[in-house]
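A short worksheet on the structure shown next.
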Amino acid sequence: MEAESMWGAADAARHIALPQEGDDKYTRGVLGLITGSAQYPGAAVLGVEAAARTGVGMIRYLGSERAQDLILQRRPEAVMSDGRVQAWLIGSGMDHANREPDAERDIAAALTQNVPLVLDGGALDVVHRVVAPTVITPHYRELARLLGEPVESIAANPRDWAESAATQLGCTVLLKGHTSYVSDGSATAAIAAAPAWLATAGAGDALGGILGALVATHSRAVLEDPTLLVGLAATASYLHGRAASLASGGGPLTILDLCESLSGVVAELVADAAAPDTASPC
């Protein structure tokens, strides 16, 4: 059997938006987050931190006061108010069965805006209400719940289920697993496994922030061509895994360690893409 082709560094480098001399914080992309909760405020911190270190012009956060306080301690440049955004990340650190009333209000308002959406964790069910280009980020159990299928079936054939879910739900699906798969029902990308040490609380929250930043910096292009979400989601998964490898160094890691490695991973990709080809001509 032919080996499955994996999304690599060269693929990811093509999906990094480089700031230009004439850019400002708005033209570089503004990401809005409706994440975290009174029970899981740390999820909001990790998403904001990952987005900031992936590269975005501004971050707006809507959520609990506890989460706001924690975010501002870590990222004082984040803005704790509503306003114009180029993409939304929604759902990390929420319970889909018990979302807070303020979160429900903010989500409903976000869905009326014509900007791309990243739906994670406790907002995956919102996919049935979206009209803008959307990518969802379930793991096996979450996708099983969303589709009403046995989790064992998802785990046995993740690529097929990523493709089927994308077709059924009308969105792009990033199905997280040992090897992750991204599909919009037509195109599918596979991303190599991250270190096993990454199986730790908060990993998905950071992935959501990475993906949110990439979508925000490509918002206009995504609105014109939603198929670009496949490459952006695959790149987010690649960055996530590569940052985890660097942060781990072969041993345990925390998710803030991963986040702190992200800027270096982005710089690595940009430098490799810009390097001249020194291969001898044939």
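Observations on the structure shown:
- Any hit, the stretch 136-159, residues being of a type in the set (G, A, S), assigned to a helix (DSSP H, G or I), surrounded by fewer than 24 Cβ atoms within 10 Å (Cβ to Cβ) and at pLDDT below 95: no
- Restricting the first member to the stretch 248-263 and to residues that are under 17 Å from I210 (Cβ atoms), and the second to residues that are among the polar types (S, T, N, Q), the beta-carbon pairs closer than 7 Å and six or more apart or on different chains are I255/T200; L262/T54.
- Answer from L239, L253, L258, L262 - the residue that is in contact with a helix residue (DSSP H, G or I) (Cβ under 9 Å, 6 or more places away or on another chain), under 27 Å from S186 (Cα atoms) and not small (G, A, S): L239
- Listed by first and then second residue, the pairs with beta-carbon distance under 8 Å, at least 6 apart or on different chains, first residue in the stretch 68-83 and part of a helix (DSSP H, G or I), second among the charged types (D, E, K, R), are R74/E49.
- Scanning the stretch 118-133 for residues that are free of Cβ contacts under 8 Å to residues at least 60 places away in the same chain, in contact with a Ser or Thr (Cβ under 7 Å, 6 or more places away or on another chain) and either buried (at least 23 other Cβ atoms within 10 Å of the Cβ) or not in a helix (DSSP H, G or I) (or both) gives a single hit, L119.
- Residue that is farthest from S219 (Cα to Cα), among those in the stretch 14-43 that are without any contact (Cβ under 8 Å) to a residue 60 or more places away in the chain and touching a strand residue (DSSP E or B) at 6+ places or on another chain (Cβ under 9 Å): G36
- Filtering D120, D125, D205 for residues that are at pLDDT 95 or above, within 18 Å of the chain's Cα centre (by Cα), under 16 Å from L239 (Cα atoms) and of a type in the set (D, E) leaves a single hit, D205.
For every residue, the table says whether it meets (1) under 14 Å from the mean Cα position of the chain (by Cα); (2) modelled with pLDDT under 95; (3) not hydrophobic (A, V, I, L, M, F, W, C).
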| position | (1), (2), (3) |
| --- | --- |
| A13 | no, no, no |
| P19 | no, yes, yes |
| L31 | yes, no, no |
| T35 | yes, no, yes |
| G42 | no, no, yes |
| D69 | no, no, yes |
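- Matching entry among L239, L258, L262 (being within 20 Å of G32 (Cα to Cα) and part of a helix (DSSP H, G or I)): L262
- For the stretch 95-117, the candidate set comprises residues that are assigned to a loop (DSSP other than H, G, I, E, B), under 20 Å from A216 (Cβ atoms) and of a type in the set (A, V, I, L, M); within that set, the residue that is farthest from the chain's Cα centre (by Cα) is L111.
- Exactly one residue out of L211, L223 is modelled with pLDDT of 95 or more, part of a helix (DSSP H, G or I) and under 12 Å from the mean Cα position of the chain (by Cα), and it is L211.
The values are calculated or read from the model by the stated rules, or taken from the named source; none is laboratory data. Predicted model only: the values in this text are computed from it and were never measured. Heads up, the Cβs are rebuilt from the backbone with ideal geometry, glycines too, and the neighbour counts pull from every protein chain shown.
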